[in-house]
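The values are calculated or read from the model by the stated rules, or taken from the named source; none is laboratory data. Just so it is clear, the structure is predicted and the values come from calculations on it, not from any experiment. As a convention, Cβ positions derive from the backbone with ideal geometry for all residues, glycine included, and neighbour counts pool all protein chains shown. Note: areas computed on protein heavy atoms with side chains; ligands, DNA, RNA excluded. Shrake-Rupley method; radii C 1.70, N 1.55, O 1.52, S 1.80 Å.
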Amino acid sequence: GMRIPGRKDAHPALAGRYAGMASAVGQIWRTEGLAGFYKGIWPSLMLVTQGALQLMAYETLKGLTRDLSAAPASATMAPTGRGNPAGDLPSFHIGVIGAGSKLFATFFTYPLQVVRTRLQKRQQQEQQMRTADAFRSIVRKEGLRGFYKGMVPNLMRTMPQSAVTFVVYEGILGALRHLGGGNDEPSAPPA
């Protein structure tokens, strides 16, 4: 059977199911057709939105923080007519904003992670279930709280990572601004 070195099979019933990659592709094609290669893809595709939500929240919170901590607009305007760049915020503020943006994005996408995990668990037990059925099952058996099981430990791991990521991100942007002559935007590549 197809095995990954150093990994025990998640479910004994799946051991030896395929002789190799070609066997797996052939069997899926014969038994399920093209759709078999895309089973369970919707929750994963929807989770792609987490990065977009996080960046949107980060930029919004960064703007609000700058607006709240800024002196009157005339005192902060650069000679170009633009306000100060985000790099003027202290690293601590950037870190808090980065962690907060992760909390925001996770709140909206975590239910999809729970559904995806439940679908994968059912698939390992060779029980078929559609995404909509998984949503209904969680609501019926556990209520809305079921969609957020395990979110706190997840956030304890990911929020500090996001804080550091955005501090580094703003540091790199600041360095690029400095190298580009102090503009608000990184310099454009030569044509």
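For the reader, a short list of remarks on this structure follows.
- Of all residues in segment 32-57, exactly one satisfies the criterion of being outside any helix (DSSP H, G or I) and charged (D, E, K, R), namely K39.
- Test for T131: is it modelled with pLDDT under 90, of a type outside the set (D, E, K, R) and open to solvent by less than 50 Å² (accessible area, probe 1.4 Å): yes
- Candidates A70, A57, A19 - the one that is open to solvent by less than 60 Å² (accessible area, probe 1.4 Å), touching a Gly at 6+ places or on another chain (Cβ under 9 Å) and over 27 Å from L112 (Cβ atoms): A70
- Subset of segment 135-156 that is open to solvent by less than 20 Å² (accessible area, probe 1.4 Å) and aliphatic (A, V, I, L, M) - its residue that is nearest to G100 (Cα to Cα): L155
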